[in-house]
Each structure stands twice: as C-alpha cells, then as structure tokens.
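Peer 1: Please read through the structure below; I'll follow up with questions.
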Amino acid sequence: MATAAPQARQGHGGRDLTSGPIGRTLLLFALPTLATNILQSLNGSINAIWVGRFLGESALAATSNANNIMFLLFAAVFGFGMAATILVGQSFGRRDIDGARRAFGSAVGLIFWSSVVVAALGWVFAREILALLATPGAAMPLALTYLRIIFLGLPSAMLMVLLTMGLRGTGDAMTPLWFGGAAALLDAALNPVFILGLGPVPRLGIAGSAIASLIANFAALGGLVAYIYARDLTVRLRGDELRYLLPSRAAMWIIVVKGVPIGAQMIVIAVAGLSMFGLVNREGVDTSAAFGVSLQLWAYVQMPAMAIGAAVSAMAAQNIGAGKWDRVERIAGAGIGLNLVITGVMVILLLIFDREVMALFLGGQSPALPIARHIQLLATWGFVLFGVTMVLFGVVRANGAVLGPLAVLFVAMFPVRLGFATLARPWLGVDALWLAFPLGSMATVVLAGLFYRYGGWRSTPLSAPAAAMAAPEHREMTGGSGTSPAGI
C-alpha cells in the first residue's frame, strides 16, 4: 500500500469522507451544498421578481416555460457529469488521484462538445419547442427571445456545474459555494440594470434578464478555473494530464454507459414537468403564472433534499471506493433522518408564510395569487417524500446502479403522476393537476425503497471498470479490481 500515499498528495483540496462521525460529517458536507443551492434559487427567484413586477404575468410565464425547457436540455448532458462524479469519488476514496483526474478530464471533453451541440439545436428549434409546450400566445415572443439568449450560455453553464460536481466528488463543498454564490449575486445585481436600462445600458426588457445570467455565468466560470489552478486543486489537469480531455475507450465506456441512464432520469423528470406545464398552460395565463411561482418556491423546498442527496452520494462513493460498506448503510440512514427534519421544517414554513412570499412575485392584488396559494396547500407536503427518494437514489448511484432509479422515476412520473392528472381531471377539475404531485412522490419513495432493499445494487460492477482506467501503478497495486460485497 506504500504506493498509494504519493498519489494522494498530488494536488490540494478535497476531504476524506471515509472516516469520522457520519452524521456530523454528512451535515457539514451538505450545508455548503445547501447554501449554494439556496443562493442559486434565490437568484432565480429575485430574477423572477424583477421580471414579474416590471414586465408582467406574460413575461413571468415566458421565463417559467423557457427555464423548464432549459432543464430538459441540461439533462441531456448532465448524466455524464454525475457518472464522472461517482468515479471521482470512488477513485478519491481509494486514494487514486490520477484515476480521479482521468474520469474528470473525460467528462469535461464529453460534456463541453455535447452541450455545444445541444445549444445549437436548441437555438434553431426554440420556436417549435415552445409551441409543443403550448406556451400562451401572449408569452410566446418573450419566451422565444429569452430562451435563445439562454441557449448561448449552456456550454459554460454545463462546465460550471461539472467543475462543482467534480470538486464535491473530492469532498470539497466550500469552493462551489464561493463561486456559485458569486454567480448568483452578480446575476441578481445585473438583472434590473439590463431589464430597465439603468445608467449607460439600454433598456432590454426580458432579453436583459437572459443577458445578465449569461454574463454572470461566464464570469464565475472564469474565476473558478483560475482558482482551481492557482490553488492546485485535485481536479486540475496539467502537462500530460491534459490528454485526459480526449477520453480513453475505457473512460468513455464507463461515463456513457452510466451517464446516459442518469441523464435519462433527468429527462424523464423534465419531460414530465414540461407535460404538466402543457396541461397547466391550457388553464390560462393566471394559472400558468401561479404555477410558475409555485415552481420557484418548490425549488427552495427541494434544496435540502438535493443537497443531502449530493452529500450522501459523494460520501457513499468514497466509502465504496475504500471498501467500507458498513459506513454506506449508516450514511443512508443518517441522510434520511436529516432530510425528514430539514425538509419538513421547510414545508411548514412555506405553508405558514405562503401569501407574503408569493406577493413578492405577483403583487398583493394579482389574480394569480390565490391560485398559487391553493397549489401550495395541495402539493407541497409531498416533497418530504421526495427527499427520502433522493437519499436512496444517491446511495445506489454511488455504486453505479442507474437503471433501477430510471425505471422508478418513469413509472412514478408518467403512469402515476401524468396518468392521474389526465384521468382525474374530469372529476376533480384543475385540482387533479396539483394532487398528482404528491401522488407521484408517494409512488417514487415506495419503489425507491423496494429497489434499495432488494435491487442488488451493492454488486453493481462499477468498481472493476473504474479500476481498469486507473493509472498503471495503481492497477498493479490493486490487482486490477475494486472492492464490493460481491468481490467484484
């Protein structure tokens, strides 16, 4: 084992998540991720406030439709980054720094060019995509302008997310916080400048909101890359390591085979969301705007679950890489308990202060306000169950089990959620749309729990191919295989 130590000292940063008290370590690792998510969602909410108050309900509905489309396109390449994060975490856990860099470099090469292609196609077919979504006529020209500008920033946005995911795979949650927070603050500050045309800047309306986001993301990405190299962090690539940006066959195979199903999971969620938005849009602009505000608030409710799920996945990946399976089970239990407390508190606070918060987006006299409050009352509680699902999925994905979660999400989103929303509409009216959300969450957590217990994910053969793409000296040290309960 003497050869492992020199590799572990290459570069700086990162955190060993394979030792110490699990609950405290999980909380301290999740909090910076949660803070990052809060700042990013707060940024989106502030931007929505600017758009809704200065440009009206049609503009707010336009940005909501466009943002849901961006989530779908984002999902097309997001899975590669998640697969790389798992590999980085497992490599870091077994002290194979070169293997972590190989995985990360391969993901950067794949994601950058994939996002360029997706952005180009999105620009060309933006009008057709919005039409398929049944975007209200009053919102169509605004949504088209906003969406096409946002497309220009997709490659930089994907690289920014990939860098933060890679850093978290090494146990570093603070660096993503600083630069994600900087991007959010800059975006929120620039939005009114470009929307209203303050100072020498011309008045650009909804296009100004998109341009502000574009500038903020480019600035944050440039700053993060400079910081990674200045601090010599683990994910940096230098000299001969730059060849990792051209993925080897082994690295390409692992990232694609694991990344495509993860991306498909995101696409399932996004398509279900867009389909639901299509049903909502048929209820008129006020209902569409109310639903858009609800989505803004739900982003906050989901943040603890997403942060805890990301922390659980990073911790589980490192411990799987280190062969510490007893800690993996305890990480899952700690994650579920932490989620129930934090997400439960978030749901209660939102239901208590819903009117005051929603009035920030819509104004106290908007006809969309009572609709939005009704949506919250019927649907928000289901996100507590969503959080449990995120923890279970985070653990199983850490060992490369991706097809099970994909099947679970497909069943919960389409036959259950959309099926109920469509079939129950004649009897329950528009309430069928809102009740479909917690019903889908119930189905998801039940199926996810069954997969965690009986799905055989512990013997998923990710460790062996991951070790196969490690540095030659590390393969000799490990005998060419990783460690799992099944001996794979």
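The values are calculated or read from the model by the stated rules, or taken from the named source; none is laboratory data. The shown structure was predicted, so the numbers you read here are calculated from the model rather than taken from an experiment. Protein only, heavy atoms only, side chains kept; ligands, DNA and RNA dropped before computing areas. Shrake-Rupley method; radii C 1.70, N 1.55, O 1.52, S 1.80 Å.
Peer 1: Which order do Arg249, Arg238, Arg231, Arg148 take when ranked by solvent-accessible area (1.4 Å probe, heavy atoms of all protein chains), largest first?
Peer 2: The ordering from most to least exposed comes out as Arg249, Arg231, Arg238, Arg148.
Peer 1: For the chain, take the longest principal axis of its alpha carbons; what is the angle in degrees between that and the long axis of helix 325-352, to the nearest 10 within 0 to 90?
Peer 2: Value to nearest ten degrees: 20.
Peer 1: Any chance you could give the angle, 0 to 90 degrees and rounded to 10, that helix 368-379 forms with the longest Cα principal axis of the chain?
Peer 2: That works out to roughly 40 degrees.
Peer 1: Please state the equivalent ellipsoid semi-axes for segment 143-199: what are the square roots of 5 times the Cα gyration tensor eigenvalues, largest first, in whole Å? If you can, show how the numbers build up before the last one.
Peer 2: Working: eigenvalues 148, 51, 7 Å².
Ellipsoid semi-axes (Å, largest first): 27, 16, 6.
Peer 1: Could you rank Met346, Met306 by how accessible they are, 1.4 Å probe, largest area first? Spell out each step's value before the answer.
Peer 2: Numbers: Met346 60, Met306 90 Å².
Descending accessible area places them as Met306, Met346.
Peer 1: Accessible surface of Tyr146 in the full protein assembly, 1.4 angstrom probe, to the nearest 10 Å²?
Peer 2: Roll a 1.4 Å probe over it and Tyr146 shows about 20 Å².
Peer 1: Just read off the accessible area of Leu39 with the full protein assembly in place, 1.4 Å probe, to the nearest 10 Å².
Peer 2: 50
Peer 1: Treating the angle as unsigned and between 0 and 90°, give the value, to the nearest 10°, between the Cα long axis of helix 22-55 and the longest Cα principal axis of the chain.
Peer 2: 30
Peer 1: Translational D (Stokes-Einstein, µm²/s) of the chain at 37 °C and 0.692 mPa s when Rh comes from the Kirkwood sum over C-alpha pairs? Could the numbers behind the result be given before it?
Peer 2: Details: Rh = 22.9 Å.
The diffusion coefficient I find is 144 µm²/s.
Peer 1: Heavy-atom accessible area per residue, segment 190-276, 1.4 Å probe: how many Å²?
Peer 2: Solvent-accessible surface per residue comes out at 45 Å².
Peer 1: Okay, moving on. At 1.4 Å probe radius, can you tell me the per residue accessible area of segment 365-434 in Å²?
Peer 2: Working: 2640 Å² over 70 residues.
Here the residues of segment 365-434 average 38 Å² of exposed surface.
Peer 1: For the chain, give the percent of accessible area contributed by carbon and sulfur heavy atoms, probe 1.4 Å, rounded to a whole number. Walk me through the intermediate numbers first.
Peer 2: On the way: 13050 of 18590 Å².
Answer for the chain is 70 percent, counting heavy atoms of protein chains only.
Peer 1: Using only the Cα atoms of segment 338-410, construct the convex hull and provide its projected area averaged over every direction, in square nanometres to one decimal.
Peer 2: Spelled out: convex hull of the Cα atoms, projected over all directions, averaged, 6.2 nm².
Peer 1: Let me ask another. Over all distinct Cα pairs, what is the inverse of the mean 1/r for segment 205-320, reported as the Kirkwood hydrodynamic radius in Å?
Peer 2: Working: mean 1/r = 0.0532 Å⁻¹.
After inverting the mean inverse Cα-Cα distance, the result is 18.8 Å.
Peer 1: Can you give me the C-alpha center-to-center distance between segment 335-357 and segment 241-278, rounded to a whole angstrom?
Peer 2: Spelled out, the Cα-based centre of one part sits 31 Å from the other.
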